[in-house]
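First up is the structure itself, then whatever we jot down about it.
The values are calculated or read from the model by the stated rules, or taken from the named source; none is laboratory data. Not measured: the values here are computed from a predicted model. Here the Cβ is made from the backbone with ideal geometry for all residues, glycine too, and neighbour counts use every protein chain on show. Accessible surface is based on the protein model in full, side chains and every heavy atom, while ligands, DNA and RNA are left aside. Shrake-Rupley method; radii C 1.70, N 1.55, O 1.52, S 1.80 Å.
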Amino acid sequence: MTPATGRSATLTRKTKETTVDCTLRLDGSGTYDVQTDNKFLTHMVETWTRYSGFDVRLRATGDLDHHLVEDVAISLGQAFRQAFAQAPCVRIAYDFVPMDDALVLCAVDLVDRPYYEGQLPVPLWEHFFRSFAMEARINLHLEHLRGRDTHHTIEASVKAFARSLKRALEPRSTEISTKGVVNVKGAKT
C-alpha cells in the first residue's frame, strides 16, 4: 500500500489466486477505469463508482469468480479505509434504491466496529459486501425488501451501498460520538 494523499489510496493485492491493483479517490466525480475477468463484477464496480461519486481505477485478474470477487472487495475495502482515515463526517447514513422489481435498503455507520448483516439471493455477493465491510471496518446492513430478479437485487444493493457511503462521508467539523476518538495501542482509529 502507498500512503493516502487527501482522501485517496492506491494498493496492490497479490495472492496465488488473484492480482488486484486499485486506486480509489473519495472526493471524485464518479469516473472509472475498471477491468476484471468477470463482466458482472466490472459492471458492479463501475456502478458503485458512478453512484458514490468516487473515482476508481481497478485491474483485477483471478482463477475463479469467487476469489476474484472476494479479493476485489477486500482491496476496495482496504483502499476505502486508508482513504477515509477516520476524518470527521456525518458517519451514519442510509438509502433505499428501487430497480424494477427489486427494492433494497442499505444503512452504514463508518465506525471502527466492522459488521455486516444482509440477506441477498446470491451468496457470492453477500460475501462481497461482508468482505468490504470487514476490511473497511464499517458497519453495513443490507435489506432485500423485494425482488425476484437477482441481477436487479444485486445492482440495487450496490447502488444503495454507494449512495449511503457518499452521504456518510459528508464532512463535518467535529466527530459525532459520545466516546470521542478511540485510540488502540496509540494508533488513531
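Every residue in the stretch 97-122 that is assigned to a loop (DSSP other than H, G, I, E, B) and in contact with a Ser or Thr (Cβ under 9 Å, 6 or more places away or on another chain), please. Once the filter is applied, which keeps residues that are assigned to a loop (DSSP other than H, G, I, E, B) and in contact with a Ser or Thr (Cβ under 9 Å, 6 or more places away or on another chain), the stretch 97-122 yields Asp101, Val111, Asp112, Leu120, Pro121, Val122.
Residue by residue, here is whether (1) part of a helix (DSSP H, G or I); (2) modelled with pLDDT of 95 or more; (3) under 23 Å from Ser75 (Cβ atoms); (4) under 16 Å from the mean Cα position of the chain (by Cα) holds:
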| site | (1), (2), (3), (4) |
| --- | --- |
| Leu124 | yes, yes, yes, yes |
| His152 | yes, yes, no, no |
| Phe161 | yes, yes, yes, yes |
| Thr178 | no, no, no, no |
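Quick one: in the stretch 42-90, of everything that is aliphatic (A, V, I, L, M) and more than 14 Å from the chain's Cα centre (by Cα), which residue is farthest from Asp21 (Cα to Cα)? Of everything passing the filter in the stretch 42-90, Val90 is farthest from Asp21 (Cα to Cα). Collect the residues in the stretch 140-165 that are more than 12 Å from Ala102 (Cα to Cα), out of contact with any helix residue (DSSP H, G or I) (no Cβ under 7 Å at 6 or more places or on another chain) and open to solvent by 10 Å² or more (accessible area, probe 1.4 Å), keeping them in residue-number order. Matches in the stretch 140-165: His141 only.
Taking the stretch 121-136 as the range and being touching a helix residue (DSSP H, G or I) at 6+ places or on another chain (Cβ under 7 Å), free of Cβ contacts under 8 Å to residues at least 60 places away in the same chain and not hydrophobic (A, V, I, L, M, F, W, C) as the test, only Pro121 passes. Take Lys39 and tell me if it is farther than 14 Å from Ser131 by Cβ and out of contact with any strand residue (DSSP E or B) (no Cβ under 9 Å at 6 or more places or on another chain). Here the answer is yes, as Lys39 does meet what is asked.
Beta carbons closer than 8 Å, at least 6 apart along the sequence or on distinct chains, pair a first residue in the stretch 27-53 that is free of Cβ contacts under 8 Å to residues at least 12 places away in the same chain with a second that is polar (S, T, N, Q) for Thr42/Gln35; Thr42/Thr36.
Is there a residue in the stretch 97-120 that is in contact with a strand residue (DSSP E or B) (Cβ under 9 Å, 6 or more places away or on another chain), within 19 Å of Tyr51 (Cβ to Cβ) and open to solvent by 40 Å² or more (accessible area, probe 1.4 Å)? Scanning the stretch 97-120, I find at least one residue that is in contact with a strand residue (DSSP E or B) (Cβ under 9 Å, 6 or more places away or on another chain), within 19 Å of Tyr51 (Cβ to Cβ) and open to solvent by 40 Å² or more (accessible area, probe 1.4 Å), so the answer is yes.
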